[in-house]
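Single-structure report; data block below.
The values are calculated or read from the model by the stated rules, or taken from the named source; none is laboratory data. Just so we're clear, the structure is a prediction, and the values are computed from it rather than from any experiment. Ideal geometry is used to build each Cβ from the backbone, glycine not excepted, and the neighbour counts take in all protein chains shown. All accessible areas refer to the heavy atoms of the entire protein, side chains included, with ligands and DNA or RNA removed. Shrake-Rupley method; radii C 1.70, N 1.55, O 1.52, S 1.80 Å.
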Amino acid sequence: MENIKEKTDDNLLEVKNLKISFKTDEGIITAVDGVNFTVKHGETLGIVGESGSGKSVSTWSIMRLLPKNSIIDKKSSIRFRKKDGKVVDITKLKARSKELRKIRGGEVALIFQEPMSSFSPVYTIGNQISEAVLQHRDVSKEEAQEIAIDMLDRVGIANPRQRFKQYPFELSGGMRQRAMIAVALSMNPALLIADEPTTSLDVTIQAQILELMNELQEELGMAIIFITHNLGVIAQVADKIEVMYLGKILERGTTKDIIQNPQHPYTQALLKAIPRLDHIGERLNAISGDIPSPLSRPTGCPFYTRCEKVIPGICDVKMPNPTKLSDTHTVYCFLYEEKNV
Amino acid sequence: MIKFLVQRTLGMIVTMFFVSIMVFIIMELPPGDYAERWAFRKFSGTGAQITQADLDNIRANFGLDRPAPERYFKWISNIVLHGDFGEAFAFQTSVNNVIGQKIWLTLAILFSTLIVTYIISIPVGMYAAVRRNSLEDYALTVFSYLGFALPNFLLALILLYISITYFDTSVGGLFSPDYADAPWSMDKALDLLSHLVVPAIILAWSATAFQLQTVRATMLDELNTLSVTAARARGVPEWKLLLKYPARLAINPVVSTIGFDANRIFSELPIVALVLGLPELGQLLLKSYLDLDMFVAGAILLILTFMIVFMNFLSDIFLAILDPRVKLIEG
Ligand SMILES: Nc1ncnc2c1ncn2[C@@H]1O[C@H](COP(=O)(O)OP(=O)(O)OP(=O)(O)O)[C@@H](O)[C@H]1O
Ligand SMILES: [Mg+2]
């Protein structure tokens, strides 16, 4: 176990030793294995990793949104400081408890990658925002409607009164993602989890949404967990970054640490894979090989099967311990552990 | 919505126009006509010689000598303008008198069957989906297969046997003997209801099995959609979530097949009615067709088809109310 030296009072969220598995027909799949991270009030944590690395699973568990076949390990804890100052371990809450329902939306809100399918097609946008407001604020229907319209306005949707009455399929993709953000923020959460909020949008809309999120964060002061598989996107929004691979954290640091001084071979490879304007025409260096299936998870460091700097006989035997490169920068890799030994 | 309603109503009228022409053609199809039949009945065995002139006379009396288009327009305009379905030659009274009561009873069977089907299949299908892979769910699946496999007439015989031997009630007919000719009253209505239960269960049996599986499957799909997770992430309580999102969409496939169900009930009704001794339209249709009593046959065909077309119309309207995307695509 590693030491978390930060003052715990500052932490809005403390995830410790998170291990999540799924019961499936083929057996038990461990999707997230021993993950730790913290989020302070008003801060943005970026989580980056390829598809299937467990970004969604580990963050959805903060709201206990995983399907019934999921198991959160007993030794895991997700400690969250509520608005009233009390700290709860979300993993210990009852699935149907009122306390959990209040946390969902009222304390932690989630926006999804697919703005189309995250709205129900048979209710208006307004209906679904009002529902969120009514769930968490003690207001009348009319007041909820006003709050919703105001929120639509704030996320930059023109004619909010008219949009309020429209159905999701009557809005464009970028507009829907703005509406999704409006739903989340209308509940006034302390933490917003944005699960690849821009992946399905085209580049110009992507930039607008990122800018909007930055603005709203400054205005409302909530913390954000921003999930993406694109380090280029995350560099624009995050204060600090966790690099995830196959259910494990491989490197952690401030955005500067990770972007300018990446140490883990996986992080370095991810950075090489970002298309850059000043390098147009060069071949992108995608990481060779496929992510192993979580059913046949490699022993040792999960990345060794694709790592250019693999040390045979070491990397494939056990998971490396964390190596602290600075106060903020930690890497899980034998390349650095050796130097310290 | 108004545009949609107008469109659908016009569509229904056009459909019914073509249906009425087809029904009329069917009425004309059998060789010979009622005049010959009438003459044969009246004079066979009397030794009287019937001349062509006699036949023409009879034809003229029944109005059968006019050209087909003219007869069609007279027939259809009387129906549309006066609700008059013409003369039932064989019964020597109006068609309305002959089929009036039977129509209401057939409709009563239709609606009670539909109601039984939906009242059972919708909530139970949803329950099975929410509790999927539980014991109850498996039991319901077995029941469904039974529903598909068991022929209606067999079920009718079984229920007939059970109700006679164990409950000592008559399931035959739609009224107990005491009420059969009594004027309408609360008691008579209740008596009718109690007699409707058995035919409704028989006719609803396979439809319920089918719709139950449909509702269950749709509900399962809907339960796993992102929009449900999104609503859960807003802190909406689980029961409210189920009713507002997946349940509402799980009804759609049922609603869109109301017309189909009505059609199936009408085609299965005669056999069940035969076993249970129910006075309904199917047998009358057959008899009038054999007698070449064409206005009776035409009226029954027209009314039954109209019911199916109308149920389809209703199903379209309900669907548009339930799912706003329908209006957008088609309206
Ligand atoms: N319901 C489930 N049943 C079984 N396995 C699951 C389930 N949900 C997720 N997993 C497994 O958990 C692993 C992590 O999935 P997760 O969705 O968290 O990845 P991700 O990092 O969010 O990827 P992406 O970028 O594609 O969203 C996957 O390998 C997947 O196989
Ligand atoms: Mg994901």
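Remarks
- No other residue among A:ILE129, A:ILE103, A:ILE149 is of a type in the set (A, V, I, L, M, F, W, C), more than 23 Å from the chain's Cα centre (by Cα) and assigned to a helix (DSSP H, G or I) apart from A:ILE149.
Let's see how each residue does on (1) without any contact (Cβ under 8 Å) to a residue 12 or more places away in the chain; (2) open to solvent by less than 80 Å² (accessible area, probe 1.4 Å):
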site	(1), (2)
B:ILE119	yes, no
B:VAL124	no, yes
B:SER134	yes, yes
B:TYR138	yes, no
B:LEU150	no, yes
B:LEU155	no, yes
B:ILE162	yes, yes
B:THR165	yes, yes
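- Any hit, the range B:174-197, residues being within 14 Å of chain A (Cβ to nearest Cβ), crowded, with 16+ Cβ neighbours inside 10 Å and hydroxyl-bearing (Ser, Thr, Tyr): no
- Residues being over 15 Å from A:ILE234 (Cβ atoms) and near ligand 1 (Cβ under 7 Å from one of its atoms) - total across the range A:52-61: 5
- In the range B:84-91, the condition of being on the phi > 0 side of the Ramachandran plot and touching a Phe, Trp or Tyr at 6+ places or on another chain (Cβ under 6 Å) is met by at least one residue.
- Cβ-Cβ contacts under 7 Å between residues 6 or more apart (or on different chains), taken from a first residue in the range B:96-114 that is within 13 Å of B:LEU174 (Cα to Cα) to a second residue that is outside any helix (DSSP H, G or I), are listed as B:LYS102/B:PRO279; B:LYS102/B:GLU280; B:LEU105/B:LEU174; B:LEU105/B:PRO279; B:LEU105/B:GLU280; B:THR106/B:GLU280; B:ILE109/B:GLU280.
- Complete set of residues in the range A:69-80 that are away from every other protein chain (no Cβ under 14 Å), open to solvent by 10 Å² or more (accessible area, probe 1.4 Å) and either in contact (Cβ under 8 Å) with a residue 12 or more places away in the chain or within 16 Å of ligand 2 (Cβ to nearest atom) (or both): A:ILE71, A:ILE72, A:ASP73, A:LYS75, A:SER77, A:ARG79
- Matching residues in the range B:275-331 - criterion: being open to solvent by 40 Å² or more (accessible area, probe 1.4 Å), touching a residue at least 60 places away in the same chain (Cβ under 8 Å) and farther than 29 Å from B:SER256 by Cβ: B:VAL275, B:GLY277, B:PRO279, B:TYR289, B:PHE295
- Scope the range A:95-104; condition at the interface with chain B (Cβ under 9 Å from one of its Cβ atoms) and either at pLDDT below 95 or open to solvent by 10 Å² or more (accessible area, probe 1.4 Å) (or both); matching residues: A:ALA95, A:ARG96, A:LYS98, A:ARG101, A:LYS102, A:ARG104
- Residue in the range A:2-13 that is within 15 Å of ligand 2 (Cβ to nearest atom) and either closer than 23 Å to A:MET187 by Cβ or surrounded by fewer than 20 Cβ atoms within 10 Å (Cβ to Cβ) (or both) present: no
Table: residues versus (1) more than 12 Å from chain B (Cβ to nearest Cβ); (2) more than 25 Å from the chain's Cα centre (by Cα); (3) more than 18 Å from A:MET213 (Cβ to Cβ); (4) within 16 Å of ligand 2 (Cβ to nearest atom).
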position	(1), (2), (3), (4)
A:ARG154	yes, no, no, no
A:ALA158	yes, yes, yes, no
A:ARG161	yes, yes, yes, no
A:ALA179	no, no, no, no
A:ILE193	no, no, no, yes
A:PRO197	yes, no, no, yes
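- Condition met for A:LEU66 (without any contact (Cβ under 8 Å) to a residue 40 or more places away in the chain and either within 16 Å of ligand 2 (Cβ to nearest atom) or open to solvent by 10 Å² or more (accessible area, probe 1.4 Å) (or both)): no
- Residue match in the range A:41-49 (condition: under 13 Å from the mean Cα position of the chain (by Cα), near ligand 1 (Cβ under 9 Å from one of its atoms) and not β-branched (Val, Ile, Thr)): yes
- Taken as a whole, the structure leaves B:VAL272 outside the set of residues that are free of Cβ contacts under 8 Å to residues at least 24 places away in the same chain, among the β-branched types (Val, Ile, Thr) and at negative phi.
- In the range A:30-49, the qualifying residues are those that are of a type in the set (Val, Ile, Thr) and farther than 24 Å from A:ALA95 by Cβ, and the one that is farthest from ligand 2 (Cβ to nearest atom) is A:THR38.
- Exactly one residue out of B:ARG234, B:ARG216 is within 14 Å of chain A (Cβ to nearest Cβ), buried (at least 22 other Cβ atoms within 10 Å of the Cβ) and within 30 Å of A:ARG101 (Cβ to Cβ), and it is B:ARG234.
- In the range B:192-208, the count of residues that are more than 16 Å from B:ALA273 (Cβ to Cβ), more than 25 Å from the chain's Cα centre (by Cα) and not aromatic (Phe, Trp, Tyr) is zero.
- Count of residues meeting criterion [within 28 Å of A:VAL139 (Cβ to Cβ) and polar (S, T, N, Q)] in the range A:161-213: 5
- Single residue of the range A:17-40 satisfying the filter (within 10 Å of A:SER76 (Cβ to Cβ) and open to solvent by 20 Å² or more (accessible area, probe 1.4 Å)) that is nearest to ligand 1 (Cβ to nearest atom): A:LYS19
- Qualifying helices (runs of 4 or more DSSP H) (wholly inside the range B:237-310; at least 3 residues being closer than 30 Å to A:LEU65 by Cβ): B:238-242, B:252-255
- Condition broken by A:GLY52, with the remaining ones in (1) within 16 Å of ligand 2 (Cβ to nearest atom); (2) outside any strand (DSSP E or B); (3) within 9 Å of another protein chain (Cβ to nearest Cβ); (4) surrounded by 16 or more Cβ atoms within 10 Å (Cβ to Cβ) satisfied: (3)
- Elements of type strands (runs of 3 or more DSSP E) contained in the range A:184-275, each with 2 or more residues being more than 21 Å from A:MET63 (Cα to Cα) and not polar (S, T, N, Q): A:240-245, A:248-254
- Selected residue [open to solvent by 60 Å² or more (accessible area, probe 1.4 Å) and aliphatic (A, V, I, L, M)] from B:ILE21, B:ILE76, B:ILE58, B:ILE50: B:ILE50
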